[in-house]
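Have a look at the structure below before the remarks.
The values are calculated or read from the model by the stated rules, or taken from the named source; none is laboratory data. Please read these numbers as outputs of a predicted model, since none were measured by experiment. Cβ placement follows ideal geometry from the backbone for every residue including glycine, while neighbour counts extend to all protein chains displayed.
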Amino acid sequence: MAAALGLGLVIGILLGLLGGGGSILAVPALVYGVGTPLAVAVPTSLLVVGVSSATAVLPRLRQGQVAWRIAGVFGAAGAGAAFAGAAVNRLLDPRVVLIGFAALMVAAGVRMLREQTAVGGDCALPGGGVNWRGCLPKAIGSGVVVGFLTGLFGVGGGFLIIPALVLLLGLEMTVAVGTSLVIIVINSVAGFAAHAGDAALDYRIAAAFTLAAVVGSLASAKFASRLPAERLRRWFAYLVFAVAAFVVVQALVNPSATG
């Protein structure tokens, strides 16, 4: 229980400081830090990610920073794909899932190290409204990819959703972040439902981890604006690389740890 509280608090702090991304550490934290089997860690991670994102989106709702129609299309496509990802997860050896997850972590770390750009897109029109002819195919395609990864690995996918919303669909960053949180909630609910029945969850561990993550994210968010965002993102990327390497080594030399 102490490990769940401590690691949940750390991940929540990272979420609050970085505005996303910290949840990618939830699965390895649960598997190797708390000792949770992978079949339990994935839905538990989705529960943590979903609740944390729902908490984070509340202040953005009051500020109107959510593109609801795009969130609905993106999220609906992802929700269906999450069930497909969960089905593939059941077919794979846990070691393969963890090595694939480590590869996804490396991809996330690389994206964090790149300079952020905000260009173009097919959704936003100069006078307001949405250009659905150009927007819809990309929204559906991006939603399917992110939803599949959510079901397969138990991640929220914010590190993929935000670039898709900004670079492909043309949303402003503030709106993209709020919209991304809503999409993450939708995908997390679908992914959790898709994994329901795979294994019995320890709801005491899940509740402790989730509560600590929410408390950590709310507390650290107050200090986020006072810290150097680029330096934080860079050091977090290095941490992600280190954890990815640890996951690969453990999956290869200590497969029993996956449960």
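Name the residue, out of F246, F153, F223, that is among the aromatic types (F, W, Y) and surrounded by 21 or more Cβ atoms within 10 Å (Cβ to Cβ). Explain how you work it out, then say what you get.
Values: F246 fails: surrounded by 21 or more Cβ atoms within 10 Å (Cβ to Cβ); F223 fails: surrounded by 21 or more Cβ atoms within 10 Å (Cβ to Cβ).
Being among the aromatic types (F, W, Y) and surrounded by 21 or more Cβ atoms within 10 Å (Cβ to Cβ) holds for just one of F246, F153, F223, which is F153.
Just checking, which of L113, L92, L47 is out of contact with any strand residue (DSSP E or B) (no Cβ under 9 Å at 6 or more places or on another chain), aliphatic (A, V, I, L, M) and closer than 24 Å to T174 by Cα? Write out each step before concluding.
Details: L92 fails: closer than 24 Å to T174 by Cα; L47 fails: closer than 24 Å to T174 by Cα.
After applying the criteria, what remains is L113.
For the subset of the stretch 227-256 comprising residues that are in contact with a Gly (Cβ under 8 Å, 6 or more places away or on another chain) and of a type in the set (F, W, Y), which member is modelled with the lowest pLDDT?
F236
V66 versus (1) at pLDDT 85 or above; (2) crowded, with 24+ Cβ neighbours inside 10 Å: which is the lone unmet condition?
V66 satisfies all of (1) at pLDDT 85 or above; (2) crowded, with 24+ Cβ neighbours inside 10 Å except (2).
Only one of L113, L91, L125 is surrounded by fewer than 24 Cβ atoms within 10 Å (Cβ to Cβ), among the hydrophobic types (A, V, I, L, M, F, W, C) and modelled with pLDDT of 90 or more. Can you tell me which?
Working: L113 fails: modelled with pLDDT of 90 or more; L125 fails: modelled with pLDDT of 90 or more.
Answer to the check: L91.
Which of the residues belonging to the stretch 178-209 are aromatic (F, W, Y) and either surrounded by 24 or more Cβ atoms within 10 Å (Cβ to Cβ) or at pLDDT below 85 (or both)?
Taking the stretch 178-209 as the starting set, the residues that turn out to be aromatic (F, W, Y) are 192, 203, 209.
Once the filter is applied, which keeps residues that are aromatic (F, W, Y) and either surrounded by 24 or more Cβ atoms within 10 Å (Cβ to Cβ) or at pLDDT below 85 (or both), the stretch 178-209 yields only F209.
Need the failing condition index for V66 against (1) in a helix (DSSP H, G or I); (2) farther than 15 Å from S188 by Cα; (3) of a type in the set (A, V, I, L, M), just the number.
So V66 meets the others, but not (1).
Output the residue which, of all residues in the stretch 182-206 that are more than 30 Å from A67 (Cα to Cα) and not in a loop (DSSP other than H, G, I, E, B), is farthest from the chain's Cα centre (by Cα). Steps first, please.
At the first step, the residues of the stretch 182-206 found to be more than 30 Å from A67 (Cα to Cα) are 197-206.
Retained after the next criterion (residues that are not in a loop (DSSP other than H, G, I, E, B)): 203-206.
Details: Y203: 20, R204: 22, I205: 19, A206: 17 Å.
Top of the filtered list is R204.
Pull out all pairs, ordered by first then second residue, where Cβ-Cβ is under 7 Å, the residues are six or more apart or on different chains, the first lies in the stretch 33-62 and is of a type in the set (K, R), and the second is assigned to a helix (DSSP H, G or I).
R60/G178; R60/L181
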